[in-house]
Every structure is written in structure tokens, then in C-alpha cells.
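Colleague: I have a structure I would like to understand better, so I am pasting it below and will then ask my questions one at a time.
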Amino acid sequence: MAARHVIINGPPGSGKGTQAMRVADRLDLKHLSTGDLLREAVAAGTELGKKAEEYMKAGLLVPDEIMLGLIREQFEALEGLGWILDGFPRTLPQAEALAELLEKKCLTIDMVLLIDVDNEEIIGRLTSRRVCSDCKEVYNLSMLPDGDESTCGKCGGKLVTRPDDREETVRRRLKVYEEQTTPVLEFYRKLAGVTEVDGTGDIDAITAEIIRVMR
Ligand code: AMP
């Protein structure tokens, strides 16, 4: 039977968000991205958003107690559903808290996926990413017509660099990943193993490979 309770992880810029969204859509799973939830809270100016914004802009992790509150709330709406958790857990205390939460609900994780991309490729990808400030369409500088790197081809909005995509911040995010999230992968390696997927190359081929390993 296909995996229905899945964690997807990988360094920032590995494409885990894009892949999680595609796979969730194809396999009818709920996509739960803590990064997206936090960005929505920041945009809406909620209490959670105000607390999270400074950490995110600086390329740091949002404190565990905030993340745990958010994830517990989200899990209430997941009763009986399959899900793919994108970007959570990112620290050992988060992984331990998730294990406790799942145990209470008599659930187990079917698969932990790691999207593998090396650091130099990530720095190149993220520093050339641009986002439309209006419709949120994501571009890479290499996709944009010469001479116009500032206008959205879809809605005419202004293209901007995400504050956490500046090179210095990307390097900090990679360091944070190495220090805080690598131990989480070790934790899962010892528990039941981690399935690694190469995150470089054709985006459709990567989606197909993830679906293949999940089936
Ligand atoms: P992402 O879109 O997954 O790269 O997340 C963007 C940012 O949101 C991260 O750099 C963190 O600041 C924050 N964030 C997302 N998920 C978590 C998490 N599980 N724990 C702490 N911070 C998080």
C-alpha cells in the first residue's frame, strides 16, 4: 500500500515544497507546509506571524514552542486523512513531540523522504529566485526575458527577492539546517530509515521518482 503518512525534508531550496505539493495532489494527501503556514500568518499580520517574522527574515528557525502549538492545531483537522509534512520536524525536540502526538493518535510515520541537493547548487537556485509581490508566482532569473528582471509576466506585478533568499541569509539557513535538522534525519535513520531522492534535474522526473518510492 502507498505511504500515507509521510515526512519530506531537505535543505532550503531543495524543492521539497514544490515536490510535496505535486505529490500530495497526485496521491490525494493533505500537504502541510509549516513554511507556508508561517508565511500566511506573517502576511495576515496575526500574533503568530508577528512572532515568527523576525526569525524567518534572519534565516533562523522559529522557536519550538511556537511550532509545536501550530502543528498540534493543524493535526486536529487531519483525523483519518493521509498527509505529507513539509518542513516539519526540523529539530530533535520537534521530532520527539511529533512522535508523542502520533502515538496518542495511534498513528505511525510510513516514510521519511530526503530531497538531496548540494550546497553550491542551492545557493545558485535561491539567490536567483524571484517572487511576484502581487500574485506570488515564483521565477528563476534564468527563465526571465533579458532586460526585464523586475516585472511579473503573469500579472505585471513587481518581482522581488524573498528576504530570506539573500546570499548571506541562504548561507545561514544552510548552516542552521546542518546543525539542527541533520540530527533529525539521524533520529529517523535509526528508527525506520530515510529514503533519499536526488533533487537535481528535471522537476517532473523528481516527482515521478518520489511517487515511485512511495508506492
Ligand atoms: P520553508 O519554506 O520550509 O523553507 O520555511 C521557511 C522558514 O520558516 C524557515 O527558514 C524557518 O524560519 C521557518 N520554519 C518553517 N518550518 C519550521 C519548523 N519546523 N521549525 C522552525 N522554523 C520553521
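Computed from the coordinates by the stated procedures, all read-outs in this text should not be read as laboratory data. Here the structure is a predicted model, which is why all the values come from computation and not from measurement. Cβ placement follows ideal geometry from the backbone for every residue including glycine, while neighbour counts extend to all protein chains displayed.
Colleague: Restricting to DSSP loop positions (anything but H, G, I, E, B) with no more than 14 other Cβ atoms inside 10 Å of their own Cβ, which trypsin sites (Lys or Arg not before Pro) remain in region 142-203? Walk me through the numbers on the way to the answer.
Modeller: Working: sites: LYS154, LYS158, ARG166, ARG171, ARG172, ARG173, LYS175, ARG189, LYS190; in loops: LYS154, ARG166.
Here the trypsin sites (Lys or Arg not before Pro) that fit, given the DSSP loop and packing criteria, are LYS154.
Colleague: Order of 96-107, 12-23 by packing, highest average Cβ count within 10 Å first?
Modeller: Details: 96-107: 13.0, 12-23: 21.7.
The most tightly packed comes first, giving 12-23, 96-107.
Colleague: Moving on to the next point. Rounded to whole Å, give me the distance from the Cα center of region 177-215 to that of region 93-110.
Modeller: 19 Å
Colleague: If you restrict to DSSP beta bridges whose two residues both lie in the chain, what percentage is antiparallel, to the nearest 5? All intermediate terms of the calculation are to be shown ahead of the outcome.
Modeller: Values: 6 of 22 bridges.
Taking every DSSP beta bridge with both residues in the chain, the antiparallel ones total about 25 percent.
Colleague: Past the 30 Å Cα-Cα mark, which pairs from LYS57/LYS104; LYS16/LYS190; LYS105/LYS136; LYS16/LYS57; LYS154/LYS175?
Modeller: On the way: LYS57/LYS104 34 Å; LYS16/LYS190 22 Å; LYS105/LYS136 36 Å; LYS16/LYS57 20 Å; LYS154/LYS175 35 Å.
Over 30 Å Cα-Cα: LYS57/LYS104; LYS105/LYS136; LYS154/LYS175.
Colleague: I've got another one for you. Quick one: net charge around CYS155, please, counting Lys, Arg +1 and Asp, Glu -1 for every other residue with C-beta under 13 Å from its C-beta.
Modeller: Values: positive: LYS136, LYS154, LYS158; negative: ASP134, GLU137.
Result for the local shell: +1.
Colleague: Only loop residues by DSSP count here, and only those with at most 16 other Cβ atoms within 10 Å; note down the GluC sites (Glu not before Pro) in region 10-67 that meet that.
Modeller: On the way: sites: GLU40, GLU47, GLU53, GLU54, GLU65; in loops: none.
Loop-located and lightly packed - none at all.
Colleague: Further question on the same structure: Under a Cβ-Cβ cut-off of 15 Å, what is the net charge of the residues other than ALA52 that fall near it, where Lys and Arg count +1 and Asp and Glu count -1? Please report the intermediate quantities before stating the final value.
Modeller: Working: positive: ARG39, LYS50, LYS51, LYS57, ARG90, ARG162, ARG173; negative: ASP36, GLU40, GLU47, GLU53, GLU54, ASP64, GLU65, GLU73, ASP164.
Surrounding charge for ALA52 is -2.
Colleague: Which one, ALA95, LEU141, LEU37, projects farthest toward the positive side of the charge dipole computed for the chain from Cβ point charges (K/R +1, D/E -1)?
Modeller: LEU37
Colleague: Using the Karplus equation 6.51 cos²θ - 1.76 cosθ + 1.60 (θ = phi - 60°), what ³J(HN,Hα) coupling, rounded to whole Hz, does each residue of region 72-77 give in order, writing x for Gly and Pro?
Modeller: Rounded to whole hertz, the list is 4, 4, 5, 5, 4, 8.
Colleague: To continue, here is another question. Could you tell me which of LEU191, PRO163, TYR177 has its Cα farthest along the dipole of region 154-200 towards the positive end, charges placed at Cβ (Lys, Arg +1; Asp, Glu -1), taken about the Cα centre?
Modeller: PRO163
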